[in-house]
Amino acid sequence: MSHSFGKTPDGPTAQLFTLQNDRGFRAEISDYGGTIVRLFAPDRRGRLADVVLGFDSLEEYVARSPYFGCIVGRVGNRIAGGKFPLDGREHTLACNNSPGGLPCSLHGGLHGFDKLLWAATPLTLPAGSALRLDYRSADGEEGYPGNLDVTVTYTVTADDALRIEYTATTDRATPVNLTNHSYFNLAGAGSGSALDHIVTLHARTYTPVNAGLIPLGHVAPVEGTPLDFTTPHAIAKRIGSAHEQLRLAGGYDHNFVINRRGPGLAHAATVEDPVSGRWLEIHTTEPGVQFYTGNFLDGSFAGKDGHVYQRRDGFCLETQHFPDSPNQPEFPSVILRPGAPLRSTTIFQFGHS
Ligand code: GLA
């Protein structure tokens, strides 16, 4: 099922597709940016709420979205100075972000995967109702080498999960790091602060950053710091701490290294809203997850149903390879090469207590 979501600045019309199961769990996803516009999940009394921040119209996504719900790429997160070496050559990207006055390329650049129209194909898969999105990123687009073919498939399963599968192939070596940038609030988007959500991150280490939110290059233990979410903690509890990492980022905005025994799906995070009982469990094949507490939201615009989003009214858990990987040889590589396709899966499993 789909309907028009408005005209893109380039002319073509974007669509909004509905994926649902027979229990009412449903996702509304646009081919513009592959954006999850609405995601309805039940609480302990069976009441559905839309648990992702966003806008009612395409126009607003185009004009001012802080990456609400979209796919980000080619390289999600930051690349320091907008430069990286690859096979003996330096590549230059546009810098579109500069926390702490330090410029970087953020989330794929000026016109990344979040800002374009993907080719959409609704599918009925054994696992559930699905939407396949395809995009060919041409050689040189946003400064990246190689023609890159990307497919993202969203599936709504019978047991209230939204599954995201990413595949990509290239004809020349290029960095790729794809993620979804949904901002969640399990009490319902627009219901106020997300600070009372209780978070568990299955991560014993994280990648500390400088003032530009670029990793320093090593992993550090979370133990004994306010970044230790190996046991459940309310976001509010330690977010105001004087710890240097929280001060630099204005809250949580860090890449956590997911505990894993080997490749495959690993349990990255669980978040619970104690009031509604809704919980979200995240499993991923990625090595990291960026926990971002909406520190840059500032109440300057209204989202869906006219709700103004204040600082920390939503949180992101962006499954990913580590930030600035193209410049950090110690980190798991994000370089995709011809003949070795990228495959990545993330599952957002919803439930209630
Ligand atoms: C990511 C980054 C944040 C911020 C948001 C978008 O989560 O880590 O620093 O840039 O995207 O506003």
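The values are calculated or read from the model by the stated rules, or taken from the named source; none is laboratory data. This is a predicted model, so every value here is computed, not measured. Ideal geometry is used to build each Cβ from the backbone, glycine not excepted, and the neighbour counts take in all protein chains shown. Accessible surface is based on the protein model in full, side chains and every heavy atom, while ligands, DNA and RNA are left aside. Shrake-Rupley method; radii C 1.70, N 1.55, O 1.52, S 1.80 Å.
When Thr230 is tested against (1) part of a loop (DSSP other than H, G, I, E, B); (2) within 16 Å of the ligand (Cβ to nearest atom); (3) open to solvent by 50 Å² or more (accessible area, probe 1.4 Å), just one condition goes unmet, and that condition is (2). Filtering segment 160-178 for residues that are open to solvent by less than 10 Å² (accessible area, probe 1.4 Å) and touching a Lys or Arg at 6+ places or on another chain (Cβ under 6 Å) leaves a non-empty set.
All conditions in (1) buried (at least 24 other Cβ atoms within 10 Å of the Cβ); (2) within 16 Å of the ligand (Cβ to nearest atom); (3) among the acidic types (Asp, Glu) hold for Asp298, with the sole exception of (1).
Scanning segment 243-265 for residues that are of a type in the set (Ser, Thr, Tyr) and either surrounded by fewer than 21 Cβ atoms within 10 Å (Cβ to Cβ) or outside any loop (DSSP other than H, G, I, E, B) (or both) yields a count of 0. Determine if segment 187-194 includes at least one residue that is more than 20 Å from Leu280 (Cβ to Cβ) and either touching a residue at least 40 places away in the same chain (Cβ under 8 Å) or open to solvent by less than 20 Å² (accessible area, probe 1.4 Å) (or both). No: zero hits.
Within segment 306-353, if we keep just the residues that are within 16 Å of the ligand (Cβ to nearest atom) and surrounded by fewer than 17 Cβ atoms within 10 Å (Cβ to Cβ), the residue that is farthest from Ser57 (Cα to Cα) turns out to be Arg311. When segment 23-68 is limited to residues that are within 23 Å of Thr121 (Cβ to Cβ), within 15 Å of the ligand (Cβ to nearest atom) and of a type in the set (Gly, Ala, Ser), the one that is farthest from the chain's Cα centre (by Cα) turns out to be Gly54.
Please verify whether Ala119 is surrounded by fewer than 24 Cβ atoms within 10 Å (Cβ to Cβ) and either free of Cβ contacts under 8 Å to residues at least 60 places away in the same chain or within 16 Å of the ligand (Cβ to nearest atom) (or both), treating the condition exactly as stated. So Ala119 fails the test. One residue alone among Gly146, Gly190 is under 20 Å from the mean Cα position of the chain (by Cα) and part of a loop (DSSP other than H, G, I, E, B), and that residue is Gly190.
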